[in-house]
Amino acid sequence: MEPQVLEREAQSAIEGASTAAELDDVRVRYLGRKSELKQALRAVRDRETGMALNALRERLEKAITTRRRELEEAELEQLFAQEGLDVTLPGDPIPRGRLHLLTQIRREIEDIFVGLGYEVWDGDEVTAVWHSFDALTTDPGHPSRSPSDTFYLDDDTVLRPHTSSDQIRAMESRQPPLYLIAPGRCYRRDTPDATHSPTFLQFECLAVDRGITLADLQGTVLHFFRALFGPEREVRMRTSFFPFTEPSVEFDVTCFLCGGTGCAVCKHSGWIEMGGAGVVDPGVFENIGYDPEEWSGFAFGLGIERIAMLRHGLPDLRAFWENDLRVLAQF
């Protein structure tokens, strides 16, 4: 068969193939090992004929490749039409993670105090007995020193039972004036239940300067709770005792659910107990080398889980650590 006739016949067959399988049959018929073109190439004896037949082979291969691409695109469009899939539609959104509720509240607390000019102190979870008890003038027989209450690593080292130890580290490292908060994880030998956990988050606030009084403490606490729970909140203080403050107080805030009229959350008292505070005991200053005649200060601490439970009405603090996305995704 003349090359021109063979090419016309092959091109017609290629264009007439309606499926990939038919196109493969055409390829074998015109380019396979037993095809007329292949046999002619094997019998070539002169350069011009060989160049012409090789050029024909290349044109047919290119035509087959082009036709195969057309058939594949047509098959894909047909598949999309049958399945009703619109590839121009936006894909399903990928769920994004978010900060844990306790992390959210911790950052909110930090922002409140940074706005007041305080710094955030990142303390150590493993600390010395000196920083946790001795420097804080805690009596040797105080129950908090007991191994049944505190995790001891050895006779002189404990897992931080409260963030008050970070106050001592901070005061040892610098001179007044000093304004800081120390948030962090603490450890106690508590049996887990709805309101207790052996691991919990706490933050401590410390201010040391000349002329600080209990009124400064009350004003700071009031500002903090109004920023956290709303501008209508009021704070009251009740006399208490802590080894490292004198005078010592406990503070309550008006219930942010009922506004002080009384409800189940505040036990119908109108007030919610929040934490302990006081003016820093002069003995603490003496232990770390501050002159108590020149410097005074206040300190108070709160549990971050307690804030989260009260503000969001959660009945069980174990929900914070169980990683149940049905709970966490609400925040």
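Scanning the range 266-280 for any residue that is closer than 20 Å to residue 254 by Cα and among the hydroxyl-bearing types (Ser, Thr, Tyr) turns up at least one such residue. Put simply, of 281, 291 the only residue that is of a type in the set (Asp, Glu) and touching a helix residue (DSSP H, G or I) at 6+ places or on another chain (Cβ under 8 Å) is 291.
Screening the range 243-331 for helices (runs of 4 or more DSSP H) wholly inside it with 3 or more residues that are surrounded by 15 or more Cβ atoms within 10 Å (Cβ to Cβ) and aliphatic (A, V, I, L, M) returns the ranges 304-312. If only residues of the range 186-212 that are of a type outside the set (Asp, Glu) and within 14 Å of residue 300 (Cβ to Cβ) are counted, the one that is farthest from the chain's Cα centre (by Cα) is 212.
Here's a check for you: in the range 187-222, which residue that is farther than 18 Å from residue 248 by Cα and surrounded by fewer than 12 Cβ atoms within 10 Å (Cβ to Cβ) is modelled with the highest pLDDT? Restricting to residues being farther than 18 Å from residue 248 by Cα and surrounded by fewer than 12 Cβ atoms within 10 Å (Cβ to Cβ), the top hit is 210. The residues of the range 59-103 that are small (Gly, Ala, Ser), over 30 Å from residue 3 (Cβ atoms) and either touching a residue at least 12 places away in the same chain (Cβ under 8 Å) or exposed (fewer than 12 other Cβ atoms within 10 Å of the Cβ) (or both), listed by number, are 81, 84, 91, 97. If you check residue 201 against the conditions, is it farther than 19 Å from residue 242 by Cβ, touching a helix residue (DSSP H, G or I) at 6+ places or on another chain (Cβ under 8 Å), assigned by TED's automatic domain parsing to the domain that holds residue 280 and touching a residue at least 24 places away in the same chain (Cβ under 8 Å)? Answer is yes for this residue.
For residue 252, the test of being charged (D, E, K, R), without any contact (Cβ under 8 Å) to a residue 24 or more places away in the chain and in contact with a Ser or Thr (Cβ under 9 Å, 6 or more places away or on another chain) is passed.
It is to be established whether one or more residues within the range 145-161 are in a helix (DSSP H, G or I) and either touching a Gly at 6+ places or on another chain (Cβ under 9 Å) or surrounded by fewer than 16 Cβ atoms within 10 Å (Cβ to Cβ) (or both). No: zero hits.
The values are calculated or read from the model by the stated rules, or taken from the named source; none is laboratory data. Everything numeric in this text was worked out from a predicted model, so none of it was measured. Here the Cβ is made from the backbone with ideal geometry for all residues, glycine too, and neighbour counts use every protein chain on show.
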